[in-house]
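Taking it in order: structure first as structure tokens, then the write-up.
Just so you know, all these numbers are worked out from the coordinates, no wet-lab data involved. Computed from a predicted model, the values in this text were never measured in an experiment. Cβ sites come from the backbone with ideal geometry, for glycine too, and all protein chains shown count toward neighbours.
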Amino acid sequence: MVSEIFIRYETATGLEKTARFRSDETTINLDLRNIASVDLLPIIWCENLECLCLRNNALAEIDLSALEKAGKKLKSIRLNHNRLQEMDLGPLSSCPNLEEVNLENNRLKRIDLSPLFQCANLKELAIDKDVGLTADLLLRSVGSWPEVLVERYHKILWKASSTE
């Protein structure tokens, strides 16, 4: 039996809303809903989730920790055209099939790409050109990287993990 999940969010105008999805969905699409904050915890029940879309909203921050459980099949996460100022990509290291991350047109100043080194299938990483890229210095000696990170090697500020 397929169950339903309910994702609660608040719009930029202060309205509390709920979106309903089947737990066997492969795509959760929350585009164009003027979302200012969202609780993604219910997606832990979406074992077939391949694409998470939150494009064109008003998100200033987002907690992706639910992807540590639900991200096994995740291929794409699209967070472009929001107001994100900081991002913890840590949960994406639990998404071995991740192919696309889109963070364009946000307010990010700097982002730590270290978790993406665990995503061997990563083919597309869309980030604005003026965003500073950092990564853990220890990852420089790791043998195989996703090609999209090799292309950005010269733009990454390598930092020792103890100086966080």
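Below are the figures for this structure:
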| item | result |
| --- | --- |
| Lone unmet requirement of (1) buried (at least 17 other Cβ atoms within 10 Å of the Cβ); (2) in contact with a helix residue (DSSP H, G or I) (Cβ under 7 Å, 6 or more places away or on another chain); (3) in a loop (DSSP other than H, G, I, E, B) for G71 | (3) |
| Of the criteria (1) within 19 Å of L41 (Cα to Cα); (2) more than 12 Å from the chain's Cα centre (by Cα), which one I77 fails | (2) |
| Count of residues meeting criterion [of a type in the set (G, A, S) and under 23 Å from Q85 (Cα atoms)] in the range 21-43 | 2 |
| Qualifying residue in the range 87-104 (condition: buried (at least 17 other Cβ atoms within 10 Å of the Cβ) and over 21 Å from P146 (Cβ atoms)) | no |
| Residue in the range 135-146 that is of a type in the set (S, T, N, Q), surrounded by fewer than 19 Cβ atoms within 10 Å (Cβ to Cβ) and in contact with a Pro (Cβ under 7 Å, 6 or more places away or on another chain) present | no |
| Residue check, R55 within 26 Å of D130 (Cβ to Cβ), surrounded by 19 or more Cβ atoms within 10 Å (Cβ to Cβ), charged (D, E, K, R) and within 14 Å of the chain's Cα centre (by Cα) | no |
| Selected residue (criterion: farthest from E86 (Cα to Cα)) from residues of the range 131-153 that are in contact (Cβ under 8 Å) with a residue 24 or more places away in the chain and in contact with a Phe, Trp or Tyr (Cβ under 7 Å, 6 or more places away or on another chain) | V142 |
